[in-house]
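Written below as structure tokens is the structure these notes are about.
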Amino acid sequence: MMQYMWWSLPLSLLVFFGARKLGARFQTPLLNPLLVSMVVIIPLLVFTGTPYEHYFKGSEVLNDLLQPAVVALAFPLYEQLHQIRARWKSIISICFIGSMVAMISGTAIALYMGATPEIAASVLPKSVTTPIAMAVGGSIGGIPAISAVCVIFVGILGAVFGHTLLNIMRITTKASRGLAMGTAAHALGTARCAELDFQEGAFSSLALVICGIITSLIAPFLFPVIVALFG
């Protein structure tokens, strides 16, 4: 039987809420709770020799809450339905273009740098949420675990630097900012948007869903084309 680490859940909660409190005090995206959790917990597990499986078993309840947390993102969408109905053509177009750019750019760069088609396939769904990325990556010959790592890496980059980049580019419209973050940085970007502005979070949630659907439908047909052109 897998060993149960009783301290896993308290440690996870302590680090998360500690990072939230520090982030609110110092107003810096570098104190992103996920980034801080990785920096603190991973070295601790290595130092104590604790297998990740044992740590995960002790805090598995947090993983079980992911699904209802994602479903909860539908509430801000409902609150913004009037704007979504008025702009649905623009929203679909933006998400389609963003999804295509995300898939083509990452895969093409990976192939250009000498990656195998298997690794390139794992990179392709990097800008959608983890469950979709793992399924898409596996279906086109990639490695789901690598897809998950790419998703986390891209999400952290978006959550930490996304709004700074948008400010530099002087993009101030809440809908534009939300769609950009949801398209490029999936759930982590959406969580960051929801922290800063309710409306941004709604549009980011919408982009998260639409881009996931678009990537799932197009990736199997697009990947062979990218490999033929850049492989």
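Results, tabulated for the structure shown:
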item: When residues of region 54-81 are limited to those that are among the polar types (S, T, N, Q) and part of a helix (DSSP H, G or I), the one modelled with the lowest pLDDT; result: 67
item: Test: residue in region 155-169 that is surrounded by fewer than 16 Cβ atoms within 10 Å (Cβ to Cβ) and in a loop (DSSP other than H, G, I, E, B); result: yes
item: Hey, residue 118 charged (D, E, K, R) and at pLDDT below 90 or not; result: no
item: Exclusive hit being surrounded by 15 or more Cβ atoms within 10 Å (Cβ to Cβ), in the same structural domain as residue 207 (by TED's automatic domain parsing), under 15 Å from residue 211 (Cβ atoms) and more than 16 Å from the chain's Cα centre (by Cα), set 97, 91, 119, 143; result: 91
item: Unique match (being modelled with pLDDT of 90 or more and either small (Gly, Ala, Ser) or buried (at least 20 other Cβ atoms within 10 Å of the Cβ) (or both)) among 231, 138; result: 138
item: Close pairs (6 angstrom Cβ cut-off, 6 or more residues apart or separate chains): under 15 Å from residue 16 (Cα atoms) and not assigned by TED's automatic domain parsing to the domain that holds residue 188 in region 34-57, modelled with pLDDT under 85 and not hydroxyl-bearing (Ser, Thr, Tyr) anywhere; result: 36/19
item: Qualifying residue in region 148-158 (condition: of a type in the set (A, V, I, L, M, F, W, C) and more than 12 Å from the chain's Cα centre (by Cα)); result: no
item: Every residue from region 82-133 that is of a type in the set (A, V, I, L, M, F, W, C), in contact (Cβ under 8 Å) with a residue 40 or more places away in the chain, more than 18 Å from residue 206 (Cβ to Cβ) and part of a loop (DSSP other than H, G, I, E, B); result: 124
item: Residue within region 147-157 that is at pLDDT below 90 and either at positive phi or polar (S, T, N, Q) (or both) present; result: no
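The values are calculated or read from the model by the stated rules, or taken from the named source; none is laboratory data. Given the structure is predicted, the values throughout are model-derived calculations rather than measurements. Here Cβ is always computed from backbone atoms with ideal geometry, including for glycine, and neighbour counts include all displayed protein chains.
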